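Here is the structure we will look at.
The values are calculated or read from the model by the stated rules, or taken from the named source; none is laboratory data. All values reported here derive from a predicted model rather than from experimental measurement. All Cβ positions, even for glycine, are placed from backbone atoms using ideal geometry, and neighbour counts span all protein chains on display.
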Amino acid sequence: MRKTFKQGLIVGGIVAVSVLAIQRYKQSCSNAQDQDISPSAKLDQRPSIDAKTDETEVGLTQLDSIHRADWQANGFPQTHAELERLEKEENQ
């Protein structure tokens with residue numbers, strides 16, 4: 001009787017510790033997901049680094065600045081007026 005009691009006590013202790021460990025793991029995962037912000041979301045909150053030196057960067061976020069650099073490199077129009085002008089040229 002004593003041997004089975006000790007075995008039951010050990011197994012019960014292992015189960016209890018396992019349940020607590022699983023609960024803490026799930027809780028830490030849910031907390032991490034709540035606090036994580038994607039890198040692009042972080043960049044979209046910070047002001048542009050070049051805003052102090054370049055007038056065209058004033059008011060842009062770092063993400064906007066990155067996209068602007070891509071647009072310039074690929075020759076995309078920067079304004080609606082420029083886009084409309086290019087569309088008119090294509091239609092003529």
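Restricting attention to segment 63-92, the residues being exposed (fewer than 11 other Cβ atoms within 10 Å of the Cβ) and either outside any helix (DSSP H, G or I) or in contact with a helix residue (DSSP H, G or I) (Cβ under 7 Å, 6 or more places away or on another chain) (or both) number 3. Checked against (1) at pLDDT 80 or above; (2) outside any loop (DSSP other than H, G, I, E, B), GLY59 passes all but a single condition, namely (2). Among the residues of segment 13-23, are any surrounded by 10 or more Cβ atoms within 10 Å (Cβ to Cβ), at pLDDT 85 or above and touching a strand residue (DSSP E or B) at 6+ places or on another chain (Cβ under 8 Å)? No, segment 13-23 contains no residue that is surrounded by 10 or more Cβ atoms within 10 Å (Cβ to Cβ), at pLDDT 85 or above and touching a strand residue (DSSP E or B) at 6+ places or on another chain (Cβ under 8 Å). Pairing each residue of segment 64-92 that is closer than 22 Å to ASP44 by Cβ with any residue that is modelled with pLDDT of 80 or more and of a type in the set (Val, Ile, Thr), provided the two are 6+ apart or on different chains, yields C-beta distances under 9 Å for SER65/ILE49; ARG68/THR56; GLN78/THR56.
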